[in-house]
Amino acid sequence: MNRPYPPGEPPHWPRGRHPGPIPPRRSAGPGRPADPRNQPEPELLTHRLPAPPPLPAARPRPAGPRNPPPPSGPARPRVPRKKLWRRIRRGLYVLAGVCLLGPVIAFVVAYQFVRVPDPTALAAALNQPVTLYYADGSVMYTKTGTAGNRQLATWDQIPQSMKNAQMAAEDETFMTNSGFDLNAIVRTVWNRLNGGTGGGSTIGQEYVKKATGNDQPTLARKMAEMVESYKMTNTYSKQDILTAYLNTVYFGRGAYGIKAAAKAFYGEDVSKLTNEQAALLAGMVQLPSYADKPAYEQQRYRYVLGRMLANHWLSQAEYDSAAFPAPIAQTSAGSGPALSPTRQYIVAAVFDELAKKGLPEQALSRSRAKIYTSIQPPAQTDAEHAVAKITSADRGYPHEGAALVSVDPSTGGIVAYYGGDGSTSYDLARTPQQPGSSFKPYVLAAGLRTDPGRIGLNTVYDGSDNQTIDGQLVHNSDGEGASRITVKDAMTKSVNTVFYRMGAQAGVNNVRQAAWDAGIPKRITSSLGSAFDSLQQDDPVTGNGTGSTQLGISIGQYPVRPIDQAQGYATFANDGKYLPAHFVTKVTDGTGSQLYRFDTAAVPAFGSDPAASAAIAHTVTASMTDVASSSGDGLRGGRPNAAKTGTAQFNNTGHNSEAWMVGYTPQNVTAVWFGNTQQPAPIYGNYHNGIGSDHGYDVYGREEPGYIWQDFMNAYLAGQPARDFPPAPAGTAAPATTGNPAPATSNQTTPDTPTTAPATTPSTTAAPTTSDQPTSPQPTAACGPSCPTTTPGRRHHGPGPGSGG
């Protein structure tokens, strides 16, 4: 039974079970003694501590950035620091787990679903025909590959040298890795983060990439590729995988698989391949479109052979005694109409163009591609006939040859292309050469854009001989020139001192930029595979451009290709609008679906204003309208044309090594080069010489290349209406730079002033040496009724910069 306690008296609970706080001690009150527990402790009698001094009152601090006022309103609850770090730590644990386990889970899931490609089916899929068509729709060529390229080699048929070479070239750890190489992947990532390159793929991954046809540089593709390669490694033996890869990989020359490659490159059965041959073939897999470029062949051969030595697959004695295994001459591996060696250069150029557009040969073959080109059969025949007609007289000089590129300026389509007669493995139309005076139109374009108030078509210059300009003594041909001459007359007579001074006025960087804007590539790749930064000096150590350009650019010091000159002049002919010269108009697959179409729009070349760019182009065109006729290379019926010749001199010998003719009408632009096809060397002609002997004369731009240009243009334009060029703007009568107006122009023949062609790389030479000598027109002679009236009699006039006219 519960009984109440008296008021103010606590209940008596058992020890340790008091339900609440102990009541406070009661203080003393009236009639109540003081509680001794509340009394202060008595001081000791031995000593007494002094009382601490009082603390000073705190002064209030003014509010500011470092002492913000206390927030108004209720204070936010603070999360304890330990609890905050515990949350962060747990989040990091979860993130690390996702990063580690996510890829593993994805790898396991993907492994269950990927399919391992079948080698036999892949070999058939990769070897579909590719057909090239002319502009009129007729078949140019069908590429079906090398005979025997559907035959698969067995493991025992493939020599150990080839197996070792392929591993040395692409995957040295192939026999021990699991289908992917983590070290190689990490190394590749590091290289790319530091601006380098590298693939990091194993042979298994490369095989999968070819099987799927997916080579997009994405993380998802690389992940799927690794999974498939790993699964293939667990499904097949290493022998089976390497055999499958060597049976399907593309080596170039239309050869899929090692059996076809052995035949295409060496005419041998695969079992007879030597260490050296195997090294070269293995090296070609990286860039098979470069398979016939000697510089690339040498580079890859040396690399693979060195890796074979490093992996002890080749003894030191074998390495030291190895000799480069030059491949045999390539034969056509197609069906349809027989393809001449000359037109094989077109096929190679077409495939190169598409490779740069992201459509390599392998992808085209897989899709049974149909490639439609801009090459016109009649124009191509005219080009081949013109070259053969003129050069047939020069058979006594077997290493001389020509190149021709013809472009429709309104579309950019290449209508005719002559890269050589097939006697060289490289394409002469894509081989850089010094352009000589044919580069002068870019100098004028730079002057018109940079200093239009002082430079124009009728501006008068001092064109006298032997002038020192920018510290360089400059000669004209045979002392010719005039103390007062207009720009148009200087272009017609190819007066070097005028354009050398104009280049100094405009600035070499502006001249270079004008040429680039017209279409000269900033980086030129030769048909041999080597590349260089154009229109500038080369660093002798790195080989890269230094960005420094000499004033010799004004007279053609730096090399360009015939196809580049056709491109640049096409910009002038197209009213100052740049439109890329091209072979391919469209590509479809076997079902008719479009894979590619050329649809690039023309843009103003010499500035953003179309009218200003057109004015520059029209003025440059007007400066060249008398060149061909004064050289004896005018067109039939007096058809309006604009042209410029060019010649490069061979060292200081007084002989020439290159000669050019580049010219156009409103409908067509054609560039012709003539020279030694093997190396810089003197060139001589036998076709026609108006003065002196008709045999063994020094060839200038107005001779062999001028005759070829004239013959082709007359044939191509036959039946087409003659069209006038747009007039040059009235503002081209710029103020004279030397005072009085220019004297009347005489009917002298255009001079031909060669630029010295150095024995070393032209882009690293100093200002070239020149000579030039104008002569008077002479009547028709040795060639009969079709012989042009030319007067090429010239002699060397001593050293000094100049250019070919």
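The values are calculated or read from the model by the stated rules, or taken from the named source; none is laboratory data. Keep in mind that this is a model prediction, so the values were computed, not measured. In this analysis, Cβ positions are derived from the backbone assuming ideal geometry, glycine residues included, and neighbour counts consider all displayed protein chains.
Part of a loop (DSSP other than H, G, I, E, B) and charged (D, E, K, R), is that true of ASP292? The answer is yes for ASP292.
Residue-by-condition table, conditions (1) buried (at least 20 other Cβ atoms within 10 Å of the Cβ); (2) at pLDDT 95 or above; (3) in contact with a Cys (Cβ under 7 Å, 6 or more places away or on another chain); (4) of a type in the set (S, T, N, Q):
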position	(1), (2), (3), (4)
GLN565	yes, yes, no, yes
PHE583	yes, yes, no, no
PHE598	no, yes, no, no
ASP609	no, yes, no, no
ALA628	yes, yes, no, no
LYS644	yes, yes, no, no
PHE650	yes, no, no, no
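For region 430-443, the criterion of being of a type in the set (A, V, I, L, M, F, W, C) and out of contact with any Ser or Thr (no Cβ under 8 Å at 6 or more places or on another chain) is satisfied by no residue at all. Inspect region 368-385 for any residue being of a type in the set (A, V, I, L, M), part of a helix (DSSP H, G or I) and modelled with pLDDT of 95 or more and give the result as yes or no. Yes, that holds for at least one residue. Within region 236-247, being crowded, with 24+ Cβ neighbours inside 10 Å and either under 25 Å from ASP352 (Cβ atoms) or among the β-branched types (Val, Ile, Thr) (or both) holds for no residue. On the given criteria, is SER340 loosely packed, with under 15 Cβ neighbours inside 10 Å and within 30 Å of ALA379 (Cβ to Cβ)? The answer is yes for SER340. Of the residues making up region 421-455, those that are surrounded by fewer than 24 Cβ atoms within 10 Å (Cβ to Cβ), of a type outside the set (Asp, Glu) and not in a helix (DSSP H, G or I) are GLY422, SER423, THR424, SER425, TYR426, THR431, PRO432, PRO452, GLY453, ARG454.
Filtered by the rule that a residue be modelled with pLDDT of 95 or more and either in a strand (DSSP E or B) or touching a Phe, Trp or Tyr at 6+ places or on another chain (Cβ under 6 Å) (or both), region 470-503 gives ILE485, THR486, VAL498.
For ASP633, indicate whether it is touching a Lys or Arg at 6+ places or on another chain (Cβ under 7 Å) and among the acidic types (Asp, Glu). So ASP633 passes the test.
Of the residues that make up region 532-547, is at least one in contact (Cβ under 8 Å) with a residue 40 or more places away in the chain and closer than 30 Å to ALA369 by Cα? Scanning region 532-547, I find no residue that is in contact (Cβ under 8 Å) with a residue 40 or more places away in the chain and closer than 30 Å to ALA369 by Cα, so the answer is no. Test THR619 against the criterion of being buried (at least 24 other Cβ atoms within 10 Å of the Cβ), among the hydroxyl-bearing types (Ser, Thr, Tyr), out of contact with any strand residue (DSSP E or B) (no Cβ under 6 Å at 6 or more places or on another chain) and outside any loop (DSSP other than H, G, I, E, B), and give yes or no. Taking the combined requirement at face value, the residue satisfies it.
Within region 567-592, being closer than 25 Å to LEU359 by Cα, within 23 Å of the chain's Cα centre (by Cα) and not hydroxyl-bearing (Ser, Thr, Tyr) holds for GLN567, LEU579, PRO580, ALA581, HIS582, PHE583, VAL584, LYS586, VAL587.
Yes or no, residue by residue, for (1) assigned to a loop (DSSP other than H, G, I, E, B); (2) assigned by TED's automatic domain parsing to the domain that holds ASP427; (3) modelled with pLDDT of 90 or more:
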| site | (1), (2), (3) |
| --- | --- |
| VAL227 | no, no, no |
| ASN234 | no, no, no |
| LEU246 | no, no, yes |
| LYS259 | no, no, yes |
| LEU280 | no, no, yes |
| TYR303 | no, no, yes |
| TRP313 | yes, no, yes |
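Within region 519-531, being at pLDDT below 95 and of a type in the set (Val, Ile, Thr) holds for one residue alone: THR525.
When THR492 is tested against (1) in contact with an Asp or Glu (Cβ under 9 Å, 6 or more places away or on another chain); (2) surrounded by fewer than 24 Cβ atoms within 10 Å (Cβ to Cβ), just one condition goes unmet, and that condition is (2).
Of all residues assigned to region 658-680, none qualifies as being over 34 Å from the mean Cα position of the chain (by Cα), over 30 Å from LYS370 (Cα atoms), surrounded by fewer than 24 Cβ atoms within 10 Å (Cβ to Cβ) and at pLDDT 95 or above. Looking at region 593-600, is at least one residue aromatic (Phe, Trp, Tyr), within 31 Å of the chain's Cα centre (by Cα) and within 30 Å of PRO360 (Cα to Cα)? Checked against the condition, which is being aromatic (Phe, Trp, Tyr), within 31 Å of the chain's Cα centre (by Cα) and within 30 Å of PRO360 (Cα to Cα), region 593-600 yields at least one hit. For TRP516, the criteria (1) surrounded by 19 or more Cβ atoms within 10 Å (Cβ to Cβ); (2) at pLDDT 95 or above; (3) closer than 30 Å to ASP352 by Cβ hold in every case but one, which is (1). With respect to the stated conditions, LEU273 is at pLDDT 90 or above and touching a helix residue (DSSP H, G or I) at 6+ places or on another chain (Cβ under 8 Å). Residues in region 315-325 that are in a loop (DSSP other than H, G, I, E, B) and within 24 Å of TYR296 (Cβ to Cβ): ALA322, ALA323, PHE324, PRO325.
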